[in-house]
Amino acid sequence: MDDSFLKTVVHPCLNGMSPDLAIECYYDIMSRRADGVMDGVFYWDSYHTQFESIVLLTDLTLDMLVKTRSQKSDDRVRMLKNLEPMLTRSLPRTYQHFCDVYSTSSTMNKTFVASHLGSFINNSCVILIWWNNLHLADATISAHSHRIFTARKLITMPTTFSMHAI
């Protein structure tokens with residue numbers, strides 16, 4: 001199944017299915033697209049899987065988290081575990097979608113997400129700062145504002161020394 005078919009046909013169908021059927025299809029799609037599975041978490045070889053495919057699968061996973069908010073937490077925990085390696089690779093294109101899903105309190109319990117993606121949320125703050133996207137970092141991860149402020153000071157601090165020949 002190619003990306004365009006997954007995006008234009010399968011993804012909308014999953015959104016229209018009952019959560020139980022959608023979860024089953026989701027895992028089937030992920031297992032067929034993944035290059036490997038370790039402890040129930042799908043992984044992709046960075047040389048084999050294209051960036052656009054990872055972006056699409058990340059968006060699919062985020063939408064499945066929204067769809068399954070009333071389902072048992074085991075499936076949601078597994079989806080969150082699968083989400084982390086995908087987000088690390090697809091951040092520039094999917095971070096806003098992640099923030100939208102995360103910030104909607106009726107969609108996901110923030111404590112639940114933070115307990116499973118806490119280290120990723122902390123690390124993504126640093127990544128955003130290095131991308132010089134301080135506004136997005138501040139807007140989406142306000143709980144870590146002290147860390148953002150400290151990192152911003154270090155990054156934007158003018159260099160007050162110069163190298164002298166020895």
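Only the coordinates and a few stated rules stand behind these numbers; no lab work does. Note that the coordinates shown come from a computational prediction; the quantities given were computed from them, not determined experimentally. Every residue, glycine among them, receives a Cβ derived from its backbone with ideal geometry; neighbour counts consider all protein chains shown.
At-a-glance table
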item	result
Order of 68, 8 - criterion: other Cβ atoms within 10 Å of each residue's Cβ, fewest first	8, 68
Estimated FRET transfer efficiency when R0 is 25 angstrom, pair residue 28-residue 88 (beta carbons, to 0.05)	0.60
Gained length - residue 69 relative to residue 2, 0.36 nm times residue gap less alpha-carbon distance	21.3 nm
Span from the region 51-67 Cα centroid across to the region 2-44 one, whole angstrom	9
Rounded D (µm²/s) - region 1-78, Kirkwood Rh over Cα pairs, Stokes-Einstein at 4 °C, 1.567 mPa s	100
Packing-based exposure ordering (other Cβ within 10 Å, fewest first) of 55, 10	10, 55
